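A short worksheet on the structure shown next.
The values are calculated or read from the model by the stated rules, or taken from the named source; none is laboratory data. Predicted model only: the values in this text are computed from it and were never measured. Neighbour counts are summed over all protein chains in view; Cβ atoms, including those assigned to glycine, are modelled from backbone coordinates with ideal geometry.
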Amino acid sequence: MRKKSAAQKTPPASRPSAIGWLIASVVGIAGALAYARYKPSLAAPEAARANATNSGAASASLFAPTLPNKTPAPTPAPEGMVWVPGGEFSMGSDAASESLCGLPGVTRDALPIHRVYVDSFWMDATEVTNEQFEKFVKATGYVTVAEQKPTPEEFPTAPPENLVAGSTVFTPTPQPVKLDNYFQWWSYVPDADWRHPTGPASDLEGREKYPVVQVAYEDAAAYAMWAGKRLPTEAEWECAARGGVAGKLYAWGDELKPGGRFQANIYEGRFPVEGGDTGEDGFKGIAPVAQFPPNPYGLYDVAGNVWEWVSDWYRADTYARLKLAGGVARNPQGPDSSYDPAEPNEKKRVHRGGSFLCTDQYCTRYMLGTRGKGEVRTASDHVGFRCVKSH
Ligand SMILES: [Ca+2]
């Protein structure tokens, strides 16, 4: 069973507000989803990158070649894991212009491009699946955050009737809406949890190979520890996702649809309207793992499907600090604490990879090098994780 620490019961500074438990929870999602204001001028990612380049903000030349470590993989590989040689690479995204995902300043968190070195490691080829997570729960009796009834200690201003276990679920809107308020398409759903990803009427029947979702950061970390693994650092995650190739826009190259074929499960169609997801990439909503070709290291779904928790605290200025420090950042572990200017009182860890809800209309953070973030106790139906292992 998970041991609740005193710290976990201490409410974040922003939570004992008059808006109550439900709203407080959803506010936490703001960061979890890394979404913000919509700008009508939002362009396709290629155009965004061109704009960033034209404005002098960045250029592809800032990416120096990747220098993978030469050490061969020890054998045999742990089951389900692939070798990531690590090495030195350029980290960040020059596509993170102001036109992506809104808030001025905040979306430049993937700049500047800076040089990083990471040791080699093993990484799960896919996101952790429901059947894998079930083994962990059966073996340990672990109870996830979403399954726990919120306590008055954690949410002292919430009406008692609102203190019900549950989690946040993407809820398409009946009609098209302005993309300026995510409250319109995210709901707190009682009894939504990893076994019931979109609420009590949903289950995992036939979804054994889907990535587990509705897991908060501590749930992911607990699984990793049980499995004898750990969550990747943000630098390890990006090194792995880039697959040894420098400065590409996507995990598969610079073209969104090479040969007219989608390479990841994202969202096509009118967002976030009921029935708006056309599933042109083959999937409406979440998909089983490994439905698209892997990257050069053999990693599946490093773009799209579900966001992935990594171990670093989120700060918008992490990269600026590393760049200022100069040289090559060696095995960076992230900052000592969290700070998101958009929600300064929320404690957030980094999310990577984007999800099945990423769309060119709104948020294109399935692109390599871009960053997401999530309040650590907030789960949702488009955030999961994968693990790594040192050797
Ligand atoms: Ca899709």
Problem - Odd one out for W237 among (1) closer than 20 Å to V350 by Cα; (2) aromatic (F, W, Y); (3) in contact with a helix residue (DSSP H, G or I) (Cβ under 9 Å, 6 or more places away or on another chain) - result: (3)
Exercise for the section: Quick one: count up the residues across the stretch 355-391 that are within 19 Å of W185 (Cβ to Cβ) and part of a strand (DSSP E or B). Expected result: 8
Practice task
State yes or no: is T168 touching a strand residue (DSSP E or B) at 6+ places or on another chain (Cβ under 9 Å) and buried (at least 18 other Cβ atoms within 10 Å of the Cβ)?
Solution key: yes
Exercise for the section: Could you list, in sequence order, all residues of the stretch 353-366 that are touching a Lys or Arg at 6+ places or on another chain (Cβ under 9 Å) and crowded, with 24+ Cβ neighbours inside 10 Å? Expected result: G353, G354, S355, F356, C358, R365
Exercise for the section: Show the residue pairs that are 6+ apart or on different chains and have beta-carbon atoms under 9 Å apart, the first residue being within the stretch 267-285 and under 14 Å from S355 (Cα atoms) and part of a loop (DSSP other than H, G, I, E, B), the second being aliphatic (A, V, I, L, M) and within 11 Å of the ligand (Cβ to nearest atom). Expected result: Y267/L357; F271/L357; P272/L357; D281/A264; D281/I266; D281/A287; G285/L357
Exercise for the section: Kindly establish whether N295 is farther than 22 Å from D180 by Cβ, touching an Asp or Glu at 6+ places or on another chain (Cβ under 8 Å) and touching a residue at least 24 places away in the same chain (Cβ under 8 Å). Expected result: no
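Mind telling me which of the residues D381, D360 ends up being acidic (D, E) and in contact with a strand residue (DSSP E or B) (Cβ under 7 Å, 6 or more places away or on another chain)?
Going through D381, D360 in turn, the sole match is D381.
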Problem - Pair list, Cβ < 6 Å and 6+ apart or interchain, from the stretch 347-365 residues that are more than 25 Å from A240 (Cβ to Cβ) to residues that are within 12 Å of the ligand (Cβ to nearest atom) - result: Q361/F271; Y362/F271
Exercise for the section: Can you confirm whether the stretch 322-333 contains a residue that is within 16 Å of the ligand (Cβ to nearest atom) and free of Cβ contacts under 8 Å to residues at least 60 places away in the same chain? Expected result: no
Problem - Pair list, Cβ under 8 Å, 6 or more apart: the stretch 180-192 residue surrounded by 16 or more Cβ atoms within 10 Å (Cβ to Cβ), other residue among the aromatic types (F, W, Y) - result: Y182/Y35; W185/F170; W186/F170
Handout entry: Filter result (of a type outside the set (D, E) and either at pLDDT below 95 or within 19 Å of R230 (Cβ to Cβ) (or both)) within the stretch 121-136
Key = F121, W122, M123, A125, T126, V128, T129, Q132, F133, K135, F136
Practice task
Go through the residues of the stretch 264-273 one by one and say whether even a single one is acidic (D, E) and within 16 Å of the ligand (Cβ to nearest atom).
Solution key: yes
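I'm trying to understand the selection: among the residues of the stretch 199-233, which are among the aliphatic types (A, V, I, L, M) and over 22 Å from F121 (Cα atoms)?
The answer is A201, L204, V212, V213, V215, A216.
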Exercise for the section: Go through the stretch 166-183 and count every residue that is part of a strand (DSSP E or B) and out of contact with any helix residue (DSSP H, G or I) (no Cβ under 7 Å at 6 or more places or on another chain). Expected result: 2
Handout entry: Answer residue from the stretch 307-354, given it is within 19 Å of Q214 (Cα to Cα), small (G, A, S) and part of a loop (DSSP other than H, G, I, E, B) and is modelled with the lowest pLDDT among those
Key = G354
Problem - Every pair of residues 6+ apart whose Cβ atoms lie under 7 Å, when the first sits in the stretch 139-159 and is among the aromatic types (F, W, Y) while the second is part of a loop (DSSP other than H, G, I, E, B) - result: Y142/M1; Y142/R2; F155/P11; F155/R15; F155/L163
